[in-house]
Each structure stands twice: as C-alpha cells, then as structure tokens.
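Readers should treat all values here as calculations from the given coordinates under stated rules, not as data from a laboratory. Note that the coordinates shown come from a computational prediction; the quantities given were computed from them, not determined experimentally. Every residue, glycine among them, receives a Cβ derived from its backbone with ideal geometry; neighbour counts consider all protein chains shown.
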Amino acid sequence: MAAKPSGNKSVLVIGLGRFGGSVAATLDQMGQDVLAVDKNPELVARWSAHLPTIQADMTDVLAIEQIDASQFDTAVVAIGDSIEASVIITGNLLDAGVSDLWAKSVSQEHARILQRIGARHIINAETDAGKRVGHLVAGNYLDYIEIDGPYTVVKIHTPLYAVGRSIEDVQVHGKYGVTVVGLKAPGKEFQYGSKELVMHRNDELILMGKQDQIDHFIQG
C-alpha cells in the first residue's frame with residue numbers, strides 16, 4: 001500500500017501522456033505532493049527522474065486499493081487514448097471514495113458519461129492546457145490564463161490578510177509587483193482596479209503579474 005504524501009495538497013495523476021505529464025509537472029513545481037501513475041513502463045521510466053511515479057493499470061480495482069487512492073485529496077484522470085479506460089478508472093476512484101476528481105474528456109459524449117457517473121470536474125482536452133489545469137487543481141486560483149512572456153492573469157478570492165483593506169493600503173503593486181485589473185463582489189457589477197478600492201471576503205480579484213509575484217501576494 002502506498003503511503004499518502006505529506007505536506008500540501010496530495011494529488012494522484014493517472015496518465016502520463018503529454019497532457020497528464022504537464023499537469024503532474026505543474027503541480028510538482030508548485031510544491032504539491034504528486035503521485036503519477038501510468039501502465040506504460042516507458043512513460044513511467046521517462047518521468048521517474050522528475051516525479052514520484054508508479055507503474056500500474058488503474059482499471060484494476062486491486063491497483064486502486066494498493067495505491068490507497070482514497071487517501072489523496074484530489075485525483076486527475078488524464079487518459080485520452082481510451083474512453084473505456086477513462087470511464088472505468090473514474091468509476092473506480094469514485095467507488096474508492098475520491099470526491100475531488102478531475103477527468104479529461106475527448107468529446108462531448110465522453111464528457112456526458114463522466115458527468116453521469118459523478119466526476120466533479122470535466123476537463124476539455126481541446127481547450128484546457130495541462131499547465132492551466134495544474135494551477136486550478138492546486139486550488140490557489142479560480143481561473144488561470146497564461147499570456148505572452150512571463151506574465152499570467154489569474155482570478156482569486158481576496159486573501160485573508162487583505163480583507164477590509166484597500167489596494168493602496170496593501171501595496172499590491174508597490175510591494176508585490178502585481179496589478180489588480182478589477183474586482184467582482186458577489187451580486188455587484190465588475191469594478192476596475194483603483195487604489196481606493198477596498199477588498200472584501202469572497203470578492204473575486206482579477207490579477208496580472210509574474211507567477212512568483214502573484215503567489216507572493218496570495219501568501220501575504
């Protein structure tokens with residue numbers, strides 16, 4: 001039985017193709033505890049120098065039990081070459097008690113099947129890049145868009161330390177190098193960022209900046 005990783009959010013990524021590998025690598029770079037699984041020994045060997053990996057066929061319930069999948073906070077089913085395997089693995093994980101489950105779909109029909117069996121998050125393989133999904137799975141962002149160069153645009157909830165404070169008071173740009181593009185409070189219209197704007201709990205902030213700067217702002 002595999003022990004649950006300790007530390008931050010623990011994420012089980014199943015499938016080490018281009019998409020799954022990108023998700024796993026992004027999560028690992030963000031400091032999340034990742035275990036990547038694939039039945040292909042070549043893919044496992046390729047990634048083993050970079051990530052904790054296990055070779056296993058997760059369509060087998062015994063493999064789910066041996067890895068102790070239910071002990072992970074989140075699971076990502078990143079298989080796209082076999083709809084049957086994707087559906088079986090998703091069902092196995094749900095049966096094992098994994099509640100926060102992300103599953104990649106390759107068609108509308110595939111997505112409908114995944115939804116019907118209880119997958120919480122459906123990933124569109126054509127539009128959702130692996131790096132973006134990795135950031136969303138980690139739970140720091142409500143949305144994430146990578147733009148040209150080192151800059152990204154993200155949507156987050158107001159960090160606890162900034163609740164009730166203005167953008168000027170927190171020194172969002174001066175201290176962290178981050179630009180507040182705007183703010184959307186529940187039930188209210190979108191407001192463009194200004195130094196007098198006060199951030200409240202559950203407000204959604206649209207930020208632009210470099211990845212490390214945004215993470216620094218979130219942490220305070």
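For this structure, a couple of remarks:
- Considering only ALA49, ALA111, ALA69, the mean-square fluctuation computed in a Gaussian network model of the chain, springs between alpha carbons under 10 angstrom, is largest for ALA49.
- Average silhouette area of the chain, convex hull of alpha-carbon atoms, in square nanometres: 13.2 nm²
- Mean Cβ neighbour count within 10 Å, used as a protection proxy, ranking 176-188, 12-24 highest first: 12-24, 176-188
- Linear extension gain, SER107 paired with ARG120, 0.36 nm per residue minus alpha-carbon span: 3.0 nm
- Mean shadow area of region 10-138, taken as a quarter of the surface of its Cα convex hull (nm²): 6.6 nm²
- The distance linking region 8-52 with region 167-191 is 34 Å (Cα centroid to Cα centroid, whole angstrom).
- Filter on LYS104/LYS188; LYS9/LYS195; LYS9/LYS39; LYS104/LYS155; LYS9/LYS188; LYS155/LYS188 - keep pairs with C-alpha separation over 28 Å: LYS104/LYS188; LYS9/LYS195; LYS9/LYS188
- Spin-label model, LYS155/ALA185: points 7 Å from Cα along the beta carbon direction are separated by 1.9 nm.
- Rg over Rh [alpha-carbon atoms, Kirkwood Rh] for region 143-219: 0.93
- Between LEU62 and ARG201, the modelled labels are 5.0 nm apart [label points 7 Å from Cα along Cα→Cβ].
- Extension gain (nm, one decimal) between ASP81 and HIS216, 0.36 nm per residue minus Cα-Cα: 44.8 nm
- Under 13 Å of direct C-alpha separation, and excluding same-chain neighbours fewer than eight residues apart, LYS184 reaches these aspartates and glutamates: ASP203, GLU204.
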